[in-house]
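K.L.:
I have a structure I would like to understand better, so I am pasting it below and will then ask my questions one at a time.
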Amino acid sequence: MRFGAEVRQTGSRFALWGPKCRSVGLKLQRRKVIPMQRDDAGWHRVDVPGVGAGARYKNVIGCGKQIADPASRFQPAGVEGFSEVIAPELFRGRAPRWSGRPWEETILYQLHIGTFTPDGTWAAAMDRLDYLARLGFTAIELMPAAQSHGAFNWGYDGALWFAPYAPYGRPEDMKAFIDCSQALGLMVILDVVYNHFGAVGNALPELCPTFNHASGNAWGKAINLDGKGLADVRAFIIENALYWLTEFNLDGLRLDAVHVLVDDSNTHLLEILAARVRAAFPFRHVHLILEKKQNEEGWLRRDTRLNPVHYTAQWNDDPHHVLHAAVTGEVTGYYADYQTGTSASEDMGRALAERFVFQGQRMADGSPRGEESAGLPPTAFVINMQNHDQIGDRVHGDRIHRFAPPDAVTAFAATYLLCPQIRMLFMGEEFAAPTPFPFFADMPKTMHADMRKGRVAQLRDTPEEDDPEKPDADETDDPTDRKTFDLAKLDWSESEAGRGFETLNTYRALLDLRRREIVPRLAGISGFDACYARLGQDAVLVIWRMGDGATLRLYLNLSQTSQTGVPPIEGCQLWLSGYVGEGRLGPWTVLWTIEV
């Protein structure tokens, strides 16, 4: 790393990019300020003999202002405290020969470390890893873990991108969690946020041209990717990606909301980042996942060997939105473009067979969305029944099990868990956890009123807002209140009895079926692999040609009424929930068959 502190043989080297500063000092705890040497490019550096791992330091800028190192590897006392020098080689893992897993084997489990267990630490989460492995998961997707302000946060307010969030534990605790996961055969993928910095604790604007003043996004000014000083701003992002993958031995990254990255340069940051990562890990399975609302298929293209050229996969909201609208009847907010009606089965067919529902059409707000995607393999897409956003963007953070009919939810689960696209579950979904997951963020008291106001405004566009029988946005939980954070902690006893126990058994059976019958047939699956036919207004037949030549069929009725006009059932039955009669699919019916 060019940025931050690095332990060397006789001491430590400290480096800070601060072209806006004529001079910068290094403040070690209980020592005088040491001047740093500035070069013509605005880099400030100093080598300090005798300083090693564990030393605490700050940078001194302007008229004596002390700031944390923007590339700090650890902040034991939070964003405003001293940074700590970390020697990564001191951690020795148990899985040194781990090279990852092929992408088609991926069954993702998304979790938030702070609420996954009562203690909310890396160490406590390790105790649940064996449970995930035995249940059939092959990968964990961690919500962001970069240092943000306060004692609790969703993770998307990271101010110091290189420092693991101190309330979860030390960097070596995070490494131990990853190492233990991999020893059990679980890949670990980390969410990273490169579209903005948290509102508290980011001193980069005082040091360098971090933001592009000509543009912005929902979180404020846009990151400077195409203006003066862009080379070092880009380097900061790319080195951050390489840092997590190398120093923590992660199996991949999920890049948050890259559709708001403004980059008018000749080569987009996303292309450079992917190329650098691919070149750095030629002998490891490293997976890069996008969240990109424009649904541009070019970022997901494969080479002649079906290997990703740029990105491995994208979170695909279209199947979720179509299936959610059918199961819940919610057709407002961001489900407005996915209304049930005459096109319900058409949209379901496209979402499952061609991945993107919208392929160049205009949305309700007039904006174009999507490109043709049928030529991409289904493994280029990640689908889910719910994730942190879709739960958190409800007034009280309710999960789908709280407001949709049980039979409908089971049909939703059986549909997406066996579909050839890569699936992701949100923590607790496997046992129908009643625990809500509202948005929460610990912020300074001076920001509480604005944050509550902003949260209410955001919820005005949710599917609950237009339903008089559902809570109003003004009733939402206070995101700055510790109680809101505590409400989100999973209650694992819910998995041991009643609906939780029954749901867990259903998920266990579905995940086992996927492992045995679907995953082995995903290797070699290519684009133009599927077709579909409408079976009335609300039912559809989808057919896939799998990588081994087998034919996978889905007969699906996501409605509360029976559907007729169903052709004769073909293939060997893999799964049935609901009812199938002669030429008929009962309400909420899912039938999967395979023909080898």
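The values are calculated or read from the model by the stated rules, or taken from the named source; none is laboratory data. It should be emphasised that the depicted structure is a prediction, and the values quoted were computed from it without experimental measurement. With ideal geometry, Cβ positions are generated from the backbone for all residues, glycine too; neighbour counts draw on all protein chains shown.
K.L.:
Report whether or not Ile518 is within 30 Å of Arg134 (Cβ to Cβ) and either touching a Leu at 6+ places or on another chain (Cβ under 6 Å) or not in a strand (DSSP E or B) (or both).
P.N.:
The answer is yes for Ile518.
K.L.:
For the structure I just gave you, tell me whether Phe116 is assigned by TED's automatic domain parsing to the domain that holds Ala163 and not charged (D, E, K, R).
P.N.:
Working: assigned by TED's automatic domain parsing to the domain that holds Ala163: yes; not charged (D, E, K, R): yes.
So Phe116 passes the test.
K.L.:
Could you run through the stretch 453-480 and say how many residues are surrounded by fewer than 16 Cβ atoms within 10 Å (Cβ to Cβ) and modelled with pLDDT of 95 or more?
P.N.:
Qualifying residue count, the stretch 453-480: 1.
K.L.:
Quick one: is Thr506 in a helix (DSSP H, G or I) and over 22 Å from the mean Cα position of the chain (by Cα)?
P.N.:
yes
K.L.:
What residue, of Phe439, Phe501, is at pLDDT 95 or above and under 29 Å from Thr332 (Cβ atoms)?
P.N.:
Phe439
K.L.:
From the residues in the stretch 1-28 that are farther than 26 Å from Phe248 by Cα and over 37 Å from the mean Cα position of the chain (by Cα), which one is surrounded by the most Cβ atoms within 10 Å (Cβ to Cβ)?
P.N.:
Looking at the filtered set, the residue picked out is Gly25.
K.L.:
Another question, then. For the stretch 259-275, which positions are modelled with pLDDT of 95 or more, more than 14 Å from Pro308 (Cα to Cα) and aliphatic (A, V, I, L, M)?
P.N.:
Matches in the stretch 259-275: Leu269, Ile272.
K.L.:
Follow-up. Looking at the stretch 307-318, can you tell me whether even one residue there is in the same structural domain as Leu190 (by TED's automatic domain parsing), touching a helix residue (DSSP H, G or I) at 6+ places or on another chain (Cβ under 7 Å), modelled with pLDDT under 95 and part of a helix (DSSP H, G or I)?
P.N.:
yes
K.L.:
Right, something else. Answer with yes or no whether Ala163 is in contact (Cβ under 8 Å) with a residue 60 or more places away in the chain, part of a strand (DSSP E or B) and closer than 30 Å to Ala257 by Cβ. Walk me through how you get there before you give the answer.
P.N.:
Details: in contact (Cβ under 8 Å) with a residue 60 or more places away in the chain: yes; part of a strand (DSSP E or B): yes; closer than 30 Å to Ala257 by Cβ: yes.
Yes: the conditions hold for Ala163.
K.L.:
What are the residues in the stretch 167-184 that are under 17 Å from Leu108 (Cα atoms) and either without any contact (Cβ under 8 Å) to a residue 40 or more places away in the chain or of a type in the set (Gly, Ala, Ser) (or both), if any?
P.N.:
Across the stretch 167-184, the qualifying residues are Ser181, Ala183.
So that you can scan it fast, the table gives a plain yes or no per residue for (1) in contact (Cβ under 8 Å) with a residue 24 or more places away in the chain; (2) within 10 Å of Thr593 (Cα to Cα); (3) surrounded by 23 or more Cβ atoms within 10 Å (Cβ to Cβ); (4) assigned by TED's automatic domain parsing to the domain that holds Thr410:
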{"position": "Val540", "(1), (2), (3), (4)": "yes, no, yes, no"}
{"position": "Thr551", "(1), (2), (3), (4)": "yes, yes, no, no"}
{"position": "Gln560", "(1), (2), (3), (4)": "yes, no, no, no"}
{"position": "Leu576", "(1), (2), (3), (4)": "no, yes, no, no"}
{"position": "Glu582", "(1), (2), (3), (4)": "no, no, no, no"}
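K.L.:
Of everything in the stretch 281-309, what is polar (S, T, N, Q) and over 21 Å from Leu522 (Cα atoms)? Give them in sequence order.
P.N.:
Gln294, Asn295, listed by residue number.
K.L.:
Which of (1) without any contact (Cβ under 8 Å) to a residue 60 or more places away in the chain; (2) surrounded by 23 or more Cβ atoms within 10 Å (Cβ to Cβ); (3) assigned to a helix (DSSP H, G or I) does Arg134 not meet, given it meets every other one?
P.N.:
Evaluating Arg134 over (1) without any contact (Cβ under 8 Å) to a residue 60 or more places away in the chain; (2) surrounded by 23 or more Cβ atoms within 10 Å (Cβ to Cβ); (3) assigned to a helix (DSSP H, G or I) leaves (2) as the failure.
K.L.:
Sticking with this structure for a sec: So, in the stretch 424-457, how many residues would count as being farther than 19 Å from Phe485 by Cα and either in contact (Cβ under 8 Å) with a residue 60 or more places away in the chain or among the charged types (D, E, K, R) (or both)?
P.N.:
Total satisfying the criteria: 5.
K.L.:
Considering the stretch 563-581 alone, what residues qualify as being among the small types (Gly, Ala, Ser) and at pLDDT 95 or above?
P.N.:
Selection gives Gly571, Ser577, Gly578.
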